[in-house]
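This report refers to the structure that appears directly beneath it.
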Amino acid sequence: MNLEMTLFTLCMGAYIAGFFCHALSASLAKANLYRWGRVAIGIGALLATTALLLRWKAAGHPPLSNMYESMITMSTFLAWVVLAFTRTVPIPLAEAGGAVLAVLMIGIGSLFAKDTRPLVPALQSYWLHIHVAIAFVGEACFALSFILSYLFCLRRFLEDPTSASAKDFGPVTGSEKAASSGVVFGLPILFLVSMIGMANRFAHQADEGEKVGTLVIWVILPVAVTLLALVAAAFFFRGTVGKAMERWLPTAEILDDYTYRAIAFGFPLFTVGALIFGMVWANKAWGRYWGWDPKETWALITFLVYSIYLHVRLTRGWQGTWTAVLSVIGFMITMFTLFGVNLLLAGLHSYASG
Amino acid sequence: MVVFMDGIPYNRSAMKRLWNNLISLKTAIYLITVISLLSLIGTLIPQGRDPREYLVMFPKYGQWILNLGFDDLYRGYIFLAALTLLSLSAVACTQTRIRLTRRRFSRRLLMATPQEILSLPLSKRTDLNPDFSGFSGESKTDEDGSEMHLRVSGRYALLGSPLLHIGFLLILAGGVASHLFGVEISITGVAGQKVPIPTLEAIEAGTKSDRLRRKARNIEAANAADPRLAELTRQIGELDAAYHAGVASPAFYLEFVDLWMDYYVSSSTEEMGSVKGWNSRVNVVTAAGTASGPVLRVNEPFHYGGYSFFQADWSQKFSKVTLQVEADPNATQSAKVTGGPWTLQLSIGEPAKPTWSSQTFLLQDFLPDFRIVDGQFESVSDQLNNPAALVLAYNPDGKLAGKAWGFSPQMSDLGHISSSLPYRFVLVNAEPVFKSGLQVCHDPGTPVVWLGCWIMMIGMAMTFYLPYFEEWVVRRPNGLTVLAVSGNRPAATLRQRLEALEREMNGVLKGSNS
C-alpha cells in the first residue's frame, strides 16, 4: 500500500470515528464527544488533503481527471464544507451524515482505476483545474444541503405534532408525510438499486470480479442492514425513535435554514464552475461554447432544478418539506451528472469515465 | 367599447391576463421543468443519426421520434418553442424585477407602511418610548402618525437579481445569434496540403443544405411520395451549388506546413510514451501571398479572417515501412533462398524490385496495432503498438509468388503464419503520415454570450454573497416601538441582527434615561 492509499485509509478511519462521536454526542448530549467528532473529521480532511497533494505532485496535475480522482476530491471538499458550515451552529447528525457520505465516496471511488496517468491532449488546460475544482466545491455544498434535507424529512416523518417544528412549519399534512417517507426510505433503496446495478455492470466485465465483492461487502450490505434497521425502528419503536430524534436533531427551522445556506453558497459556484467556465473551456477546445453534450446538458438540468429551488424559496417564500424534496432531487441529479453520465451515456466527456 | 389595433379587436383584459401569465413565477417554473425534461430526453435518445437508425432502434416509437423532431431535439420546434417562451417570461420577469428593484433601491422608506413592517416575521414589540432620533438620515412620519426609521446596509445586493437575469437573457440572446448566424465545418489535411476555406455565405448554404437534407430524410422515412420532397430537393440543390461555388473560389486557403505529435517522456507515470499533444503548423494562403500562421494545438485555437480554427481531430497512417528480410529456415527445400539479411523499403500500393531478388514486392496492408480476431488480422488502434505488414511477392512474369506477414522483432516468431514465401520479414521502421482535423467556426453570438456570463457572475455574487439588511424602528402614535429586521440572509442571522438592534436600542434608552 503506497503512502497515498495509507493516508486515505487513515482518513476513512477518522471519518468513521467522527461519525460515531457525533452520533453518540447527539444521543448522549455530551459536548465533549461533539468536539472530538469535529477533531476526527478535521484530521480526516487534513489527511485526505495531504493525500491529494501527494497525488498532484506525483501525477503533475491536480487530481480531477478521472472517476477515482473526482470521488476522492469531492469527498475531501465535502468534509471541509461540512466543517465550515457547522462552525458556529453544531448539527451533529449532519456532520455524522457528511462523514458517512465522504466515506462512501472514497469507497465507491476506489472501485475505479487508481493509477496516475498523464493527461490526454484535451485535458491539458488550466481550465481543467478551474472548471472542475470550482464545480466540485459547489457540488460539495449541494451534498451538505442534501444531508440536511434528508434530516429535515426524517424529522418531519417522525414528528410529534406538538413539537416546536410543527409550530414553525405547521402540522405535517398527508402529502408532506408521503413525500418525507419517500425521501427517508426511498433514497436508501434507490442507492442500493444503483449500487446493485453497478455491481452487475462490474460482474459483466472481465477482471472486475473483485470489485463486485468489495461493493457488496463494503457498500451494499452495510447500507441494506442500516435501511432494514431504520425501517424496523420506525415501525416497531416509532414513539421512542420519534422522541429520540426530537432530541438528536436540531429544529426543523435550523435544518431548513442551513439547507438554503448551503444551496445559496454552492449554486453560484456550481453555475460559474460547471457551466460558465465549462463553456469558456469548450469554446477554447472544441470551437463552440455549447454542444448539448450529455454532460453539459445534465449540468444545465442541475442548474435549472436548483434555480427552481431558489425561485420558489426566495420569491414564493416556500419553506419546509417541499423545498427539502427539491434539494434532494437536485442532489440526485448532481450525482447523475457527475457519475451516471460518465458511466451510462457516451459523449465528449467520456475521458472522465475511467 | 371594442378597441381596435391595426384593424384587429384588442382585448385589454386578455392582454393583461397574458402578461400576468408571462410574469408569473408559476409559468417560469413550468417552462424550466419542461426544458429540463426535454433536455433529459435529448440525452437519452441519440441525436443526429440517420432516420432509419431510429426506426430500427425504437421500432415502436421511432416514427414518433422523427415526427416530433426528437432526433435533432435541441434544434427542433418543440424545444425552441419552450426556450422562446422561457425567454419571453424571463424578459417580462426581468422588467418587473428592474422596476421593483429601482423602487426598493431608491425609495424603500417612502414605499413602506407601518403595517408591512409590523408583519415582518422577525420583529419585536416593546412599549418603551425611547428618545430615539433615528439612524443617520432616513426617517419619515407616516399618514397614521407612526415614525419610521430605516437603516440599510449592503444596498447594492439588490442589483444582483436584475443583473443575474439580464445576464441570463444575454446568454440566451447570444445563443440565438449563434444558432441563426453561427457556422462550422470540419477540414482535414496532411502535411503540404492546401485546403480551401469557403466563404461564410458558402458555409451557411452548406449548413442550411444539411438541415434541409435531414428534414427531407425524415419526411422520406415517413412517406417516400410526400409532395414536399420535390421542393426540398430543389432547395437543397440550389444550396449545394452555392456551397460548391464557395469552395471553388474560397475566402483563402489553409496550408498544413508540418504535422507532428508530442509524447510524454516522464518516468513518473506508468504510461511511458503516451500522446501528449497534436501539433499542426499552418500557413494562410491568400491572393496577396502566404502568411505564416501559428502552431495549432488542442486548447490553443487560431483566429483569422473571422474564422476560428481548433485542433479537433488527429489520425495517422503508416504508408512507408522498412523491413529486414531474412531467408526463412523453415522454407521447403525447393524454395529455400540463401544469403541475407537484406533491407527492403516499401510504400503501400507501390511495387519495389530489389537487386537481391528476381521478385517484385508490394506492401498490400499495414496494421499498426494488430490482433487476430476470428482468424483475421485486424488493427485495434492507429498507434504503433503491435505492427504487422502484409507483403506480396510477384514473379518476373507478373504471377503472384506468395504472401507473408512481417512483424516487429519481438513478434518475429509469428513470421510463419499465413506465409507462402521463403522469406521472413521483420519490421524495422514505419513512418507515420499524420492527418490533422480542424474545426472551423464563425460565431457572432459568442461575445454576447461572454458579456452575459460576466453580468450573470456579477449578479450572482451580489445576490448570494453580498449581505443586505434592513433594520427598522417604528414608533407608533400609541407609544409602542417595533424593531424589525429583514434581508437576504438566513433567519438565524437576521435573528442575531435583531438582537443586536435591540441591544443598540437599549443603549439608546439607557443613554436617554440617564
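Assuming residue A:282 fulfils every condition listed in (1) surrounded by fewer than 19 Cβ atoms within 10 Å (Cβ to Cβ); (2) more than 10 Å from chain B (Cβ to nearest Cβ) apart from one, which condition is it?
Result: residue A:282 fails condition (1) only.
With respect to the numbered conditions (1) more than 14 Å from chain A (Cβ to nearest Cβ); (2) at pLDDT 85 or above, which one is the sole condition not fulfilled by residue B:279?
Unmet condition: (1).
Filter the stretch B:369-398 down to residues that are more than 25 Å from residue B:275 (Cα to Cα) and of a type in the set (Gly, Ala, Ser), then give me how many there are.
3
Considering only residues that are free of Cβ contacts under 8 Å to residues at least 40 places away in the same chain and part of a loop (DSSP other than H, G, I, E, B), look in the stretch B:399-440 and name the one that is farthest from the other protein chains (Cβ to nearest Cβ).
Top of the filtered list is B:399.
Can you work out which of the residues in the stretch A:56-83 that are part of a helix (DSSP H, G or I) and over 23 Å from residue A:100 (Cα atoms) is farthest from the other protein chains (Cβ to nearest Cβ)? So that I can check it myself, show each step before the final result.
From the stretch A:56-83, those part of a helix (DSSP H, G or I) are A:56-59, A:67-83; that's our starting set.
Imposing the further condition that a residue be over 23 Å from residue A:100 (Cα atoms) reduces the set to A:56-59.
Values: A:56: 12, A:57: 9, A:58: 6, A:59: 7 Å.
The extreme case among them is A:56.
Hey, among B:451, B:501, which residue is touching a strand residue (DSSP E or B) at 6+ places or on another chain (Cβ under 6 Å), over 19 Å from residue B:158 (Cβ atoms) and assigned to a helix (DSSP H, G or I)?
On the way: B:451 fails: touching a strand residue (DSSP E or B) at 6+ places or on another chain (Cβ under 6 Å).
On inspection, the qualifying residue turns out to be B:501.
When you check residue A:254 against the structure, is it under 30 Å from residue A:174 (Cβ atoms) and within 10 Å of chain B (Cβ to nearest Cβ), yes or no? Working first, answer last.
Values: under 30 Å from residue A:174 (Cβ atoms): yes; within 10 Å of chain B (Cβ to nearest Cβ): yes.
In short, yes.
Among the listed residues A:305, A:219, A:225, which satisfies the condition of being facing chain B (nearest Cβ under 10 Å) and either aliphatic (A, V, I, L, M) or not in a helix (DSSP H, G or I) (or both)? Explain how you work it out, then say what you get.
Values: A:219 fails: facing chain B (nearest Cβ under 10 Å); A:225 fails: facing chain B (nearest Cβ under 10 Å).
Just one listed residue meets the conditions, A:305.
Taking the stretch B:10-32 only, how many residues are under 30 Å from residue A:293 (Cβ atoms) and surrounded by fewer than 14 Cβ atoms within 10 Å (Cβ to Cβ)?
The qualifying residues number 0.
Looking only at residues that are touching a residue at least 60 places away in the same chain (Cβ under 8 Å), part of a strand (DSSP E or B) and more than 7 Å from every other protein chain (Cβ to nearest Cβ) in the stretch B:283-312, which one is surrounded by the most Cβ atoms within 10 Å (Cβ to Cβ)? First the steps, then the outcome.
Filtering the stretch B:283-312 down to residues touching a residue at least 60 places away in the same chain (Cβ under 8 Å) leaves B:285, B:296, B:305-312.
This time we only want the ones that are part of a strand (DSSP E or B), so: B:285, B:296, B:307-312.
Next cut, more than 7 Å from every other protein chain (Cβ to nearest Cβ) only: B:285, B:296, B:307, B:309, B:311.
Numbers: B:285: 19, B:296: 22, B:307: 23, B:309: 23, B:311: 26.
In this case the residue turns out to be B:311.
Residues that are among the aliphatic types (A, V, I, L, M): which strands (runs of 3 or more DSSP E) entirely in the stretch B:106-202 hold 1 or more of them? Talk me through it step by step, then tell me what you get.
Working: elements: B:123-126, B:139-141, B:147-153, B:183-190, B:194-197.
In the stretch B:106-202, B:147-153, B:183-190, B:194-197 are the strands (runs of 3 or more DSSP E) which contain 1 or more residues that are among the aliphatic types (A, V, I, L, M).
What number of residues within the stretch A:199-215 are at pLDDT 80 or above and surrounded by 15 or more Cβ atoms within 10 Å (Cβ to Cβ)?
Going through the stretch A:199-215, the residues at pLDDT 80 or above turn out to be A:199-200.
With the extra rule that they be surrounded by 15 or more Cβ atoms within 10 Å (Cβ to Cβ), the set shrinks to A:199.
Number of matching residues: 1.
From B:413, B:397, B:443, which residue is within 26 Å of residue B:308 (Cα to Cα) and of a type in the set (Asp, Glu)?
On the way: B:413 fails: within 26 Å of residue B:308 (Cα to Cα); B:397 fails: within 26 Å of residue B:308 (Cα to Cα).
None of the other options fit; the residue is B:443.
The conditions are (1) over 30 Å from residue A:176 (Cα atoms); (2) under 22 Å from the mean Cα position of the chain (by Cα); (3) crowded, with 18+ Cβ neighbours inside 10 Å, and residue A:129 fails exactly one of them. Which is it?
(3) is the only condition that residue A:129 fails.
Just to check your reading of the model, which residue among A:337, A:323 is of a type in the set (Val, Ile, Thr), within 29 Å of residue B:184 (Cα to Cα), part of a helix (DSSP H, G or I) and more than 7 Å from chain B (Cβ to nearest Cβ)? If you could, list the steps in order and put the result at the bottom.
On the way: A:323 fails: within 29 Å of residue B:184 (Cα to Cα).
So the residue among A:337, A:323 that is of a type in the set (Val, Ile, Thr), within 29 Å of residue B:184 (Cα to Cα), part of a helix (DSSP H, G or I) and more than 7 Å from chain B (Cβ to nearest Cβ) is A:337.
The values are calculated or read from the model by the stated rules, or taken from the named source; none is laboratory data. Being a predicted model, the structure only gives us computed values, none of them experimental. All Cβ positions, even for glycine, are placed from backbone atoms using ideal geometry, and neighbour counts span all protein chains on display.
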